[in-house]
Amino acid sequence: MVPPTLNVKKIDKNSKKRQALQQRQRVNNNNNNNNSNNNNNNNNNNNSSSLKNETDLKKQQKQNEIKQQKVNLPVFSARDALLENIRKHPTVVIISETGTGKTTQIPQFLREDGWTKNGVIAITQPRRVAAISIAKRVAEEIDVELGKEVGYCVRFDDKTSEQTKLKYMTDGMLVREAMIDPMLKRYSVIILDEAHERTLNTDVLFALIKGIQAKRPSLHIVIMSATLDAEMFSRYFNAAPILYIEGRQFPVRIYYCEESQKDYLDAALVTVLQIHLDVNNGNESNSNEDDGNGGDILVFLTGREEIDTLEKLLNERIPRLPSTAKQLLVCPIYSAMPQEQQMKVFERAPKGTRKVIIATNIAETSLTINGIRYVVDTGVVKSRLYNAKIGIDTLTVIPISKASAQQRTGRAGREFPGQCYRLYTEDTFAKLDHSSIPEIKRSNIANVILQLKTIGIDDVLSFDFLERPPLPTVQKSLEQLYCLDALDKQGKLTDLGKRMSQFPLEPMYSKTLIQSQEFGCVEEVIIIISMLSVESIFYAPKDKLAEVEAIKKIFFSPEGDHLTLLNVFREYQKVNGNLQWCYDHFINTKSMVKVVNVFEQLVEYCTNSKIKLTSCQSETEQVRRCFITGFFLNVAVLQPDKKYKTMADNREIHIHPTSFLFDVKPQYILYNELTITSKPFARNVIPIEPTWLPELCPKYYGSKPVATAAAAEPQK
Ligand code: CDP
Ligand code: MG
């Protein structure tokens, strides 16, 4: 293993023109008022038992700590100016660096200013983890129970009630709400947070809420962004004022690699250990400001598997570190991780222990984690890319943009001067794109089209997008919806299309689910979709890998991953979720609890859509046939060299090693997802028969299918 040679190149501190908002006097007065409630609460409890006093004391300490943190946030001094602008203008754009306090504080300011008296404040987030963890934090700050006044709403998890006034939600959930209530009447203010991320759903919301505001002027809109490119938002919202909040940013020294790294995971491992063991780091840090642990490390990776791998590698190394080294605590964070664990990254490590946070892009701007002094930037991100020629989305690891690299660097300098280790060369940095391409320009928009048509917006091409999706993408997405029978020849929503849009699922899944009635396997399909909704059902302790593989075989179905997952669920049901059984079979109980929850919700959706919960029992071929009705584009055929070629575009793909069919290699496969990491990998695979294609999807395979299949027919 060759350690990356890291070389100091320069200090990258960009001087930005900002107009800081200064209203400190008024803000302090307000703060005193807010605090009086807490003091009263604490005084009331003076005579309780000592145990209660202790709990109260802890609570009061926590509240005091929170109060202190709040007033120290840069957004605090801008409070009155922000409120005045929001009152005066229908739409404002707020720009500030990550960690200024936008997401947690501005909704609270609005609440204190009376905006929740006649309506709810929605705060949208591109990521569910951010929506959940920030709602939790804000509930704690206001000292209310989560789900009451402060709640969150993400797909398959709604923690809101009639009383909810501050509603943190994913942008996708607000689009869904607009399908039911096109005027979004309950909201007094809609905050589109993380606007710079330009997710597909946030882009759709820009246009939707702009249209709503034109018809309902009482709706106020706040756009919040972490990058300075705000003119576009302002222009789009009729010259809305742009408010800059001066953040605190300490200098960050940037190190580049002298040569490109072949294996960024390995380079990250070496760099983390190098930072941790470097004696100079101890000298540089001031023990008062960072708890004497030398400052925490934040590593950016692209996804869960990489994060798991690095966590494992680090945990193997830690016991072998010199006894003089400080303690090292590895904290992973990614979207699919159980909630309790997600909150851990925010907790302080024991005194003197250094945290290594291994994160996806979620830690770039969505979540601010305190205590970071070192950032390790691998320079890559997993991104959804769309191939409009064939209409397939893939998850692909690609280089980040310059803007992203700068954001990542910034995470090291929020509380004290920091260091950022870029695991790529300075030359590579210079060649990165200025900013990332917005999702609307690189994703399949079939779902968006379906949603817009449900809302009554039929002409997608002339919809008032901030930036239009490319024409080939629109055409291909329309074609896909037509092949799925969601649209008719005129492009009008069919009855099936309407029903599909009711489900909180991508069109391929909602079509499969609705079709399962015809195949008599509704229950099986719901179970499989629920099982596919979580990242991993099995966990594999590193010392028991062989044992895990052996156990997994118990559930194996030659009919592929879907049916194998179905077997796991059935067994889990039989033993009533018995913990010992889960433990013995290396089943992740938390994942299964989530699966059951999704299952129950999908059953409810089906009941509402008058879909009967039929079961095909042992006729499981029906399940595989049914999946073709939704996933006909994701089909591939085995080649003599044991690789697969996709039927849609003759592209080479491989079965992912986690698939139960990895060694089986059936002739024809259908897969749910294509991930491109080191190679294009098909995940969640079932074997199919080629004759099913023209039979079940005549629109797509009617003329060419068997011919295509025959042309690609492998030699045995
Ligand atoms: O939105 P912006 O990036 O401007 O900042 P924020 O997310 O509102 O974060 C403000 C502060 O709240 C930071 O110091 C965070 O570390 C803290 N926070 C926290 O301690 N726990 C959370 N779950 C969320 C935020
Ligand atoms: Mg934020």
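The values are calculated or read from the model by the stated rules, or taken from the named source; none is laboratory data. Nothing here was measured: the structure is a model prediction, and the numbers come from that model. Note: ideal-geometry Cβ built from the backbone for every residue, glycine included; neighbour counts use all protein chains shown.
Taking the numbered list (1) among the aromatic types (Phe, Trp, Tyr); (2) within 16 Å of ligand 1 (Cβ to nearest atom); (3) touching a residue at least 60 places away in the same chain (Cβ under 8 Å) in turn, Tyr152 passes all entries but (3). Of the residues screened, Val92 is one that is of a type in the set (A, V, I, L, M, F, W, C), in contact (Cβ under 8 Å) with a residue 24 or more places away in the chain, more than 11 Å from ligand 2 (Cβ to nearest atom) and more than 16 Å from Thr164 (Cβ to Cβ).
Filtering the range 139-181 to residues that are among the hydroxyl-bearing types (Ser, Thr, Tyr), surrounded by 16 or more Cβ atoms within 10 Å (Cβ to Cβ) and part of a loop (DSSP other than H, G, I, E, B) leaves Thr160, Thr164.
For the range 167-216, filtered to residues that are over 17 Å from Phe156 (Cβ atoms) and of a type in the set (Gly, Ala, Ser), the residue that is nearest to the chain's Cα centre (by Cα) is Ala195. Answer yes or no: is there a residue in the range 77-86 that is in contact with a Lys or Arg (Cβ under 6 Å, 6 or more places away or on another chain) and either touching a residue at least 24 places away in the same chain (Cβ under 8 Å) or over 30 Å from Gly211 (Cα atoms) (or both). Within the range 77-86, one or more residues are in contact with a Lys or Arg (Cβ under 6 Å, 6 or more places away or on another chain) and either touching a residue at least 24 places away in the same chain (Cβ under 8 Å) or over 30 Å from Gly211 (Cα atoms) (or both).
Filtered by the rule that a residue be surrounded by fewer than 19 Cβ atoms within 10 Å (Cβ to Cβ) and under 27 Å from the mean Cα position of the chain (by Cα), the range 600-635 gives Glu600, Gln601, Val603, Glu604, Tyr605. How about the range 96-116: which of its residues are in contact (Cβ under 8 Å) with a residue 12 or more places away in the chain and away from ligand 1 (no atom under 12 Å from the Cβ)? Within the range 96-116, Leu110, Arg111, Glu112, Asp113, Trp115, Thr116 meet the criteria.
Exactly one residue among Ala214, Ala267, Ala240 is more than 23 Å from Arg127 (Cβ to Cβ) and not in a helix (DSSP H, G or I), and that residue is Ala240. Among residues of the range 327-348 that are in contact (Cβ under 8 Å) with a residue 40 or more places away in the chain, those with a Cβ under 7 angstrom from a residue that is more than 13 Å from ligand 1 (Cβ to nearest atom) and among the acidic types (Asp, Glu), sequence gap 6+ or separate chain, pair up as Ala336/Glu535; Arg348/Asp291.
Residues in the range 100-138 that are more than 12 Å from ligand 2 (Cβ to nearest atom) and part of a loop (DSSP other than H, G, I, E, B): Asp113, Gly114, Trp115, Thr116, Lys117, Asn118, Gly119. One residue stands out among those in the range 344-373 that are within 13 Å of ligand 1 (Cβ to nearest atom) and among the β-branched types (Val, Ile, Thr): the one that is farthest from the chain's Cα centre (by Cα), which is Ile372. Check the range 424-441 and report whether any residue there is in contact with a Gly (Cβ under 6 Å, 6 or more places away or on another chain), buried (at least 23 other Cβ atoms within 10 Å of the Cβ) and at pLDDT 95 or above. Yes, some residue in the range 424-441 is in contact with a Gly (Cβ under 6 Å, 6 or more places away or on another chain), buried (at least 23 other Cβ atoms within 10 Å of the Cβ) and at pLDDT 95 or above. Of the residues making up the range 54-99, those that are in contact with a strand residue (DSSP E or B) (Cβ under 9 Å, 6 or more places away or on another chain), hydrophobic (A, V, I, L, M, F, W, C) and outside any helix (DSSP H, G or I) are Val92, Val93, Ile94, Ile95. Per the listing Val548, Val525, the residue uniquely among the β-branched types (Val, Ile, Thr) and crowded, with 17+ Cβ neighbours inside 10 Å is Val525. Candidates in the range 653-700 are the residues that are part of a loop (DSSP other than H, G, I, E, B) and in contact with an Asp or Glu (Cβ under 6 Å, 6 or more places away or on another chain); of these, the one that is farthest from Ile398 (Cα to Cα) is Phe660. Checking each residue in the range 469-501 for being of a type in the set (Lys, Arg) and surrounded by fewer than 16 Cβ atoms within 10 Å (Cβ to Cβ) picks out Lys489, Lys492, Lys498. Residues in the range 309-337 that are more than 15 Å from Ile369 (Cβ to Cβ) and out of contact with any Ser or Thr (no Cβ under 9 Å at 6 or more places or on another chain): 17 in all. Just to verify a result, which residue in the range 185-211, among those that are in contact (Cβ under 8 Å) with a residue 40 or more places away in the chain and in a loop (DSSP other than H, G, I, E, B), is farthest from ligand 1 (Cβ to nearest atom)? The residue in question is Arg186.
Of the helices (runs of 4 or more DSSP H) contained entirely in the range 574-652, those carrying at least 1 residues that are under 23 Å from Tyr509 (Cβ atoms) and without any contact (Cβ under 8 Å) to a residue 12 or more places away in the chain fall at 589-608.
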